[in-house]
Amino acid sequence: MELSVRNQLAGTVKSVKAGTVMAEVVVDVGGNEIVAAITAGSAEKLGLAEGEDVVVLIKATEVMIGRE
């Protein structure tokens with residue numbers, strides 16, 4: 001499947017914490033962690049589990065950068 005999303009990062013699932021409605025998925029991308037909150041149903045449908053190879057797709061209308 002081809003997607004128009006330009007920000008595609010290959011990574012490995014580090015952990016999945018599924019709740020009743022939502023799941024927190026932590027993905028290791030080159031030594032950095034990206035955390036996504038997705039529906040528990042989506043996590044189950046995708047069969048997400050530790051060690052699985054995935055692609056993180058980032059489509060945002062707003063990106064913020066802070067500096068101290």
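Of note:
- Residue ID - surrounded by the fewest Cβ atoms within 10 Å (Cβ to Cβ), chosen from residues in the stretch 47-61 that are touching a Gly at 6+ places or on another chain (Cβ under 9 Å) and among the β-branched types (V, I, T): V55
- Residues in the stretch 31-46 that are of a type in the set (G, A, S) and either open to solvent by 80 Å² or more (accessible area, probe 1.4 Å) or within 19 Å of V63 (Cβ to Cβ) (or both): A36, A37.
- Scan of the stretch 8-30 for residues that are of a type in the set (G, A, S) and either surrounded by 14 or more Cβ atoms within 10 Å (Cβ to Cβ) or part of a strand (DSSP E or B) (or both), ordered by number: A10, G11, S15, A18, A23
- Within the stretch 45-68, residues that are of a type outside the set (D, E, K, R) sit with their Cβ atoms under 8 Å from residues that are open to solvent by less than 100 Å² (accessible area, probe 1.4 Å) and outside any strand (DSSP E or B), at 6+ positions apart or across chains, in these pairs: V54/L48; L57/L3; L57/V5; I58/V5.
The values are calculated or read from the model by the stated rules, or taken from the named source; none is laboratory data. Quick caveat, the model's predicted, so the values are computed rather than measured. In this analysis, Cβ positions are derived from the backbone assuming ideal geometry, glycine residues included, and neighbour counts consider all displayed protein chains. For the accessible areas, the whole protein counts, side chains as well, though only heavy atoms, and no ligand, DNA or RNA atoms are used. Shrake-Rupley method; radii C 1.70, N 1.55, O 1.52, S 1.80 Å.
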